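Trainee: One structure, pasted below without further comment.
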Amino acid sequence: MITRDQAEEAVNRIAESDHHYAEAKTEVERATWLCKHVRAVMYEGVKGSTVEERKQAVERSEEVGKAEDRRINAVLEFEKIKAERETKQLIVDVWRTVESSRRAGVNI
């Protein structure tokens, strides 16, 4: 059974994580843009006889690898925060349902 204290803690954690959630989401956007930018810059300087050879050379570059690592780390951090917030919201929703049923005289 979820207690009132657990529900309050869940609400507080959701509220406290708003700014961190927004920052993490923004970092995903920033890192995604950086990946595209690095690829574009690298593509201009890569030699190759075909478009496919140039694309492959860009994908093998250390710069693209670093940009992708940053993007993947940003996505991971964002998804962890998002999952925690969703779990806390579920706790609140279950508590609300149980309390409503209790007030209505229904045993769960």
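The values are calculated or read from the model by the stated rules, or taken from the named source; none is laboratory data. Small disclaimer: the values here were computed from a predicted structure and weren't measured. As a convention, Cβ positions derive from the backbone with ideal geometry for all residues, glycine included, and neighbour counts pool all protein chains shown.
Trainee: Could you tell me which of the residues R96, R60, R54 is basic (K, R) and touching a helix residue (DSSP H, G or I) at 6+ places or on another chain (Cβ under 7 Å)?
Mentor: Being basic (K, R) and touching a helix residue (DSSP H, G or I) at 6+ places or on another chain (Cβ under 7 Å) holds for just one of R96, R60, R54, which is R54.
Trainee: So which of V28, V46, V75 is surrounded by 12 or more Cβ atoms within 10 Å (Cβ to Cβ), over 20 Å from the mean Cα position of the chain (by Cα) and in contact (Cβ under 8 Å) with a residue 12 or more places away in the chain?
Mentor: V46
Trainee: While we're on this one: Restricting to the stretch 9-63, give me the number of residues that are within 30 Å of R96 (Cα to Cα), in contact with a Lys or Arg (Cβ under 7 Å, 6 or more places away or on another chain) and among the hydrophobic types (A, V, I, L, M, F, W, C).
Mentor: 2
Trainee: Among the candidates T97, T87, single out the residue that is within 30 Å of M1 (Cα to Cα) and either of a type in the set (A, V, I, L, M, F, W, C) or modelled with pLDDT of 95 or more (or both).
Mentor: T87
Trainee: Something else: Of the residues A31, A40, A57, which single one is among the hydrophobic types (A, V, I, L, M, F, W, C), closer than 30 Å to T87 by Cα and in a helix (DSSP H, G or I)?
Mentor: A31
Trainee: Hey, any hits in the stretch 64-83 for a residue that's aromatic (F, W, Y), touching a helix residue (DSSP H, G or I) at 6+ places or on another chain (Cβ under 9 Å) and assigned to a helix (DSSP H, G or I)?
Mentor: Within the stretch 64-83 (the criterion being aromatic (F, W, Y), touching a helix residue (DSSP H, G or I) at 6+ places or on another chain (Cβ under 9 Å) and assigned to a helix (DSSP H, G or I)), the answer is yes, since at least one residue qualifies.
Trainee: State yes or no: is K88 surrounded by 13 or more Cβ atoms within 10 Å (Cβ to Cβ), within 14 Å of the chain's Cα centre (by Cα) and in contact (Cβ under 8 Å) with a residue 60 or more places away in the chain?
Mentor: no
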